[in-house]
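Working notes for the structure below.
Please treat every number below as a calculation from the coordinates, not as lab data. Computed from a predicted structure; not experimentally measured. Using ideal geometry, Cβ is built from the backbone for each residue, glycine included, and neighbour counts are taken over all protein chains shown.
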């Protein structure tokens, strides 16, 4: 029944087909070929197996719609108990076959510089190696977990930590830390921070800002949930800001918006992430990671997948929290960038963007 519906949509309304599975038929077939050995089953004398095409289609429909297994059962005529086995299996196949190709950090200084060049061209923020943020994925935690996954929003969740490039693609993800932990806490225990601390990520050497003699390190932009360091650049605290600092905050937040947009695209394409997922934590982690892999897969192979209007960010949405334990070197780097954005690196629209023209 599911295959019949797919074929009808493909013939009669390709746009609805694409909306139904969140990808066109070409992407579907490409993805199927990549994971086929891991999801294909053999017919037996007693029964005919569910085809690999249907296994992938029901999984994609689950991720796209957020419908329950029971809803999918009525739509596909595959029993919900079977669907509950198919979906984690297909998600694991997507992860194991695609993650190393589609979610990966740059491996050389030259590759990192290309990331920074795109941030400078598209978002007017030079020496930026990515935008970092966390997102809560809500789920029904088992009673035995108590308050382990209970977050500040009053829900149970795991945290998705993501680092994105200027085009809304994930360079790095960390999924599965319980929702009680802050974004900064997730980062503190992540392999990304360990790689930064051990200096094994091949970041470029400190560089001069464009058209200036100011040399600063390449940085990752983030919000106030993270610490201010030589490699993590966050806004100034919101109280009593001068015009210069407001402009710096705007310029930084404009670049940081790429990760927020990436999360927005992700959850709008895969609406299972908008629901409270009624599965155990390990399966929620698998589903979330599979969605991130598919996000990057589609951003590379599906036209217009990550297109968004280049709207200006809202300064009022910035976090009001701020820590105070910063190193003097990190403070100096932020001040140098602030001075640059208000002098040599000034753009014509920045004063208007913060409402002073």
Report summary line: Pseudo-spin-label distance residue 107 to residue 46, built 7 Å along Cα→Cβ, given in nm, is 4.6
Report task. Using only Cα atoms, find the angle between the long axis of helix 2-12 and the longest principal axis of the chain, and express it within 0 to 90 degrees, rounded to the nearest 10. Result -> 70
Query raised in the report: By count of other Cβ within 10 Å, fewest leading, how are 123, 349 ordered?
Result: 349, 123
Requested in this report: Could you work out how far helix 52-65 tilts from the main Cα principal axis of the chain, as a 0 to 90 degree angle to the nearest 10?
Outcome: 50
Report task. Quick one: grab the alpha carbon gyration tensor of the stretch 81-193, order the square roots of its eigenvalues as a ≥ b ≥ c, and give me rounded if a/c is under 1.5, else prolate or oblate depending on whether a/b is larger than b/c. Result -> oblate
Report summary line: Gyration tensor on Cα atoms of the chain, a ≥ b ≥ c root eigenvalues, a/c under 1.5 rounded, else prolate if a/b beats b/c, else oblate, says prolate
Query raised in the report: Shape of the stretch 164-285 from its Cα gyration tensor (a ≥ b ≥ c, root eigenvalues): rounded if a/c is under 1.5, otherwise prolate when a/b > b/c, or oblate?
Result: prolate
Requested in this report: Per DSSP H run of n ≥ 4, the term is -39500 (n - 2.57); total these for the chain, divide by its residue number, and report the mean residue ellipticity at 222 nm rounded to 500 deg cm²/dmol.
Outcome: -15500 deg cm²/dmol
Report summary line: The helix 25-39 Cα axis meets the longest alpha-carbon principal axis of the chain at an angle in degrees, between 0 and 90 and rounded to 10, of 70
Query raised in the report: Arranged by the count of other C-beta atoms within 10 angstrom, fewest first, what order do 286, 164, 275 take?
Result: 275, 286, 164
Report task. Assuming 1.306 mPa s and 10 °C, estimate D for the stretch 136-212 with Stokes-Einstein, Rh taken as the Kirkwood radius over Cα pairs, in µm²/s. Result -> 108
Requested in this report: Rank these for me by crowding, 340, 150, going from fewest to most other beta carbons within 10 Å.
Outcome: 150, 340
